[in-house]
1. Determine if segment 32-52 includes at least one residue that is over 20 Å from residue 222 (Cβ atoms), under 12 Å from the mean Cα position of the chain (by Cα) and in a loop (DSSP other than H, G, I, E, B).
2. Restricting to segment 156-174, and then to whatever is in contact with a strand residue (DSSP E or B) (Cβ under 8 Å, 6 or more places away or on another chain) and farther than 14 Å from residue 128 by Cβ, can you tell me which residue is surrounded by the most Cβ atoms within 10 Å (Cβ to Cβ)?
3. For segment 72-109, give me each residue that is in a helix (DSSP H, G or I) and either in contact with a strand residue (DSSP E or B) (Cβ under 8 Å, 6 or more places away or on another chain) or surrounded by 13 or more Cβ atoms within 10 Å (Cβ to Cβ) (or both).
4. State all residues of segment 176-194 that are part of a loop (DSSP other than H, G, I, E, B) and either surrounded by 13 or more Cβ atoms within 10 Å (Cβ to Cβ) or touching a helix residue (DSSP H, G or I) at 6+ places or on another chain (Cβ under 8 Å) (or both); if no residue qualifies, say none.
5. Which one of the conditions (1) surrounded by fewer than 20 Cβ atoms within 10 Å (Cβ to Cβ); (2) touching a strand residue (DSSP E or B) at 6+ places or on another chain (Cβ under 6 Å) does residue 33 fail to meet, given that it meets all the rest?
6. Which number in (1) more than 15 Å from the chain's Cα centre (by Cα); (2) within 22 Å of residue 109 (Cα to Cα); (3) at pLDDT below 90 marks the one condition that residue 188 misses?
7. Taking segment 235-256, which residues are surrounded by fewer than 19 Cβ atoms within 10 Å (Cβ to Cβ) and in contact with a strand residue (DSSP E or B) (Cβ under 9 Å, 6 or more places away or on another chain)?
8. Looking at segment 116-133, is at least one residue touching a strand residue (DSSP E or B) at 6+ places or on another chain (Cβ under 8 Å), surrounded by fewer than 19 Cβ atoms within 10 Å (Cβ to Cβ) and either at positive phi or in contact (Cβ under 8 Å) with a residue 40 or more places away in the chain (or both)?
């Protein structure tokens, strides 16, 4: 049975897509069967997994409108070792089309249930806004992985996300919880980042992942080659950190 996790943060530019594709590649490297669901109309997780979003015949848009199943719409990316349910600009139209449909916030949940036995992990890359697309992700997830930079404004964004998760937990998905906070783009030479990191550990305790993802040029370069950093340069510090994070995720999920 697949464990489904949203990678979400209502603040933009915190590395959600980078986290999603690199965690997926790391999990694949440690022997897990992984599906990445791209819920962002920009399609960055699709392109960053070696799949051309412009060439998609079927996408997550078709799955949400129930004109295709996950098995029909997913693409296997041989380069990265996991499957992708891709997105492109069509997905922006789904926001409007879903409004008048029945079970509008549970469309993705129903679709993924049919593919439950095919994967160990399903990772959902959510857009930065609380939209109908994000709600679909949160309604079917067992938990949320929150990538965040150790900066002051990131703490404000985190409080907004925690409130959103509480609301979804109360009204739509009683299973939903924060699995953990992942510190990304971390530079230990910056005093403020160390201070915010300490604050996170004080307030959230074991909800803060042990693994820290360092600021790393190779991770930033990888998307231009259509690959996660873990595949693009496996020996880089960023890739090594994500592989360690994948192992930590497997351990944490095993104890859930």
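The values are calculated or read from the model by the stated rules, or taken from the named source; none is laboratory data. Worth saying up front: this structure is predicted, and the values here are computed from it rather than measured. So basically every Cβ, Gly included, is an ideal-geometry build from the backbone, and we count neighbours across all protein chains shown.
1. For segment 32-52, residues over 20 Å from residue 222 (Cβ atoms), under 12 Å from the mean Cα position of the chain (by Cα) and in a loop (DSSP other than H, G, I, E, B): present.
2. 165
3. Across segment 72-109, the qualifying residues are 73, 90, 91, 92, 94, 95, 97, 98, 107, 108, 109.
4. Residues satisfying the conditions are 176, 177, 187, 188, 190.
5. (2)
6. Tallying (1) more than 15 Å from the chain's Cα centre (by Cα); (2) within 22 Å of residue 109 (Cα to Cα); (3) at pLDDT below 90, residue 188 fails exactly one: (2).
7. Within segment 235-256, 237, 244, 247, 248, 250, 252, 253, 256 qualify.
8. yes
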